[in-house]
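Trainee: First the structure, which I've put down as structure tokens, then a few questions once you've had a look.
Please treat every number below as a calculation from the coordinates, not as lab data. Because the structure is a prediction, the values reported are computed rather than measured. Counting neighbours? That spans all protein chains shown, and the Cβs are built from the backbone with ideal geometry, glycine included.
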Amino acid sequence: MHETGLPFNDASGDRLRAWLGISREVFYDAKQLAIVPMGFCFPGTGHSGDLAPRPECAPRWRAPVLSHLKKLQLTLVIGQYALAYHLPDERTSLSETVRAWRKHWPLLVPLPHPSPRNNGWLRRNPWFEEELLPVLRTRVAEVLQGEGPFR
């Protein structure tokens, strides 16, 4: 991110774009899609990957930024930190929250982080690719084409 100025400009981004069924051009087109991180600063790298977002970042910046997104039709809540922020009353594991995706459909979709570190999770949860991703790709296409029920 710091080198290119593009979030998800790595293998995680490639996987996320494949999950959504969209091109790199659409993904980085700010007129079609907003990428809003949990924090606006890189927290650093730990022994097994990036450190957690700094706790003061999301409470300070996230709500004001999201308030500017007037035509928000779909929110992808990616990873455990985003899930804890957006779904604070969910007292389940990431796996259980993602498995219960229909509970928040069609406006919010909980997702695991697309990091290659989650390959094991994806192998243990084949329903994710079989059940959720085809429906998610359809929903993303509807929103991008202006055909969704909330347009």
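Trainee: Assigning unit charges at the beta carbon (Lys, Arg +1; Asp, Glu -1) and nothing else, what dipole magnitude in debye, to the nearest 20, does the chain show about its Cα centre?
Mentor: Dipole of the chain, to the nearest 20 debye: 280 debye.
Trainee: Could I ask something else about it? Report the calculated FRET efficiency for Leu6 and Thr45 (r = Cβ-Cβ distance, R0 = 22 Å), to the nearest 0.05.
Mentor: It comes out at approximately 0.75.
Trainee: Turning to a different aspect of this structure: Note the full-extension length gain between Asn119 and Thr138 as 0.36 nm times their separation in residues minus their Cα-Cα distance, in nm to one decimal.
Mentor: Once the chain is fully extended between Asn119 and Thr138, it gains 4.5 nm.
Trainee: Can I ask one more? Name the residue, out of Phe128, Phe27, Phe40, whose mean-square fluctuation peaks in a Gaussian network model built on the chain with Cα pairs under 10 Å.
Mentor: Phe40
Trainee: Going by average Cβ neighbours within 10 Å, how do the peptides 58-69, 112-123 rank, with the highest at the top? Each step should come with its number before you reach the end.
Mentor: Numbers: 58-69: 12.4, 112-123: 14.3.
Packing order, densest peptide first, comes out as 112-123, 58-69.
Trainee: Which entry is the computed Rg/Rh (Cα atoms, Kirkwood Rh) for this structure: (i) 1.10; (ii) 0.93; (iii) 1.17?
Mentor: Of the labelled values, this structure produces (ii).
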